[in-house]
Structures are given as structure tokens and as C-alpha cells.
1. In which sequence would 217, 193 go, from the one with the fewest C-beta neighbours within 10 Å to the one with the most?
2. With 10 angstrom as the radius, rank 176, 71 by how many other C-beta atoms surround their C-beta, starting from the fewest.
3. Given the peptides 61-69, 163-171, arrange them by the average over their residues of other C-beta atoms within 10 Å, most packed first.
4. Counting other beta carbons within 10 Å of each residue's own, what order do 43, 114 fall into, fewest first?
5. Kindly give Rg over Rh for region 182-225, based on alpha-carbon atoms, with the Kirkwood expression for the hydrodynamic radius.
6. Suppose R0 equals 25 Å. What FRET efficiency, 1/(1 + (r/R0)^6) with r the Cβ-Cβ distance, do residue 47 and residue 200 give to the nearest 0.05?
7. With only alpha-carbon atoms in the gyration tensor, what are the semi-axes of the equivalent ellipsoid for region 3-131, in Å, largest first?
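What follows is calculated from the coordinates using simple rules that are stated; it is not laboratory data. What you see is a predicted model; the values in this text were computed from it and never measured. Every residue, glycine among them, receives a Cβ derived from its backbone with ideal geometry; neighbour counts consider all protein chains shown.
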């Protein structure tokens, strides 16, 4: 974060009116500052490499480098490892949103979201948490499983313990740390520690990445509870 814990935000959208609305809303909040605006993916990357930010609110359909491409570039650049991307779209389950989560997005919002929810989203993602409700996670991941290999990539899980696999499965089902703790009769701190260790062992970017891995490795399948 920036000085004195201020969350620095970048807005990437080719519609000036959308950027202006988000800018006015976020700048009015304590502890949040809009530091960068861009109308396309290439412009965004150039600017955030010069002006560090914590969160990018990213439109998908933009000229000169769309949001999916820009998300992939951010996720692949070690210098931008601390940048969390939130996809802002018109449709909740746009096919591009699924691809963007795979590419490294921390979550997504719809453009007509309530102002308070937009502000909360910025704070949640800046803190390193995933921006996906359990219901949305379930629908999104059901889409993610389309086209996965017939044989789950279980080799990815070789470095984690049986208990960690159990925790990962629950993360994949969309449970919070507190819910995982209750389900497995653990303390919330222990559940949080397990999740952190799993992320480190699997080199996961964030909690959303863990959910994707749970599906890709076959620990979770659509319809499971």
C-alpha cells in the first residue's frame, strides 16, 4: 500500500464516464486513492509500472490490449506481484471473466454494483482476500471445469499433506477460514495457517487461484457440497 496505509487504485476502462464515476466514488473514501487511469491495457501496464498501485479495476473489452491480456501480463510480471486485479464486467458469468480468473484475477464485480460494495471490494482485495461469494464461486468454477483434462492433475498436490488436501477441498467449495475451522474442528487461526501454507506450497497467487487448483486437481467437482 501507499503512504500511511492508503490503498492505491488503477482504473482501466475505455468509457470515460465509468472511470469518472469510480474515481469520484473511491477518492471520497478514507484510505483509498485513485492513482492511475487508463483507457486500454497497454496504457495501463505502462502507467502502473511507473506509478505503483495495489488494486486494478479492469474492464474486459478495451482497445489496444483488452483486460484479459492485461491481467495475464500483470500476473506474469514479478515486479507487479503485489497488484490485485478485479474484473469489472456487465455480465456476471461472461466467458472472459472465467478466462481472467485463470489468468490471475482476484475476483470480479458487475458494473451496476452498489457503491458500498465497490468500496468494500477494493478493501477486501487489497488485503489479499478473494472477491468471490460462495454462490458465485460455485457457478464460476462450474464454468471453469468445462474443457479440463479428463485426468485431474493430481501431481500438483504431491507436496501437501492429507490435512492440507482436506482444507484445499473446502476452499474449493467456497468456504471461508472460519467455516473451514468449524467444519474440521480447528481454531480459525489454525485454518488460516493451513491455507497460507497451501498457498506457499502450491505457489498460488491468492485464494481464487486455490479454488481453481482444487477443481483442476479433482479435489472438487461441480455439484459437490
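1. Working: 217 20, 193 14.
So the residues, fewest neighbours to most, are 193, 217.
2. On the way: 176 18, 71 28.
Least crowded to most crowded, the residues run 176, 71.
3. Result, highest mean first: 163-171, 61-69.
4. Numbers: 43 19, 114 8.
Going from least to most buried by this count: 114, 43.
5. On the way: Rg = 11.5 Å, Rh = 11.5 Å.
Across region 182-225, the Cα-based Rg/Rh ratio is 1.00.
6. Numbers: r = 31 Å, r/R0 = 1.23.
Approximately 0.25, to the nearest 0.05.
7. Numbers: eigenvalues 69, 55, 42 Å².
Here the semi-axes work out to 19, 17, 15 Å.
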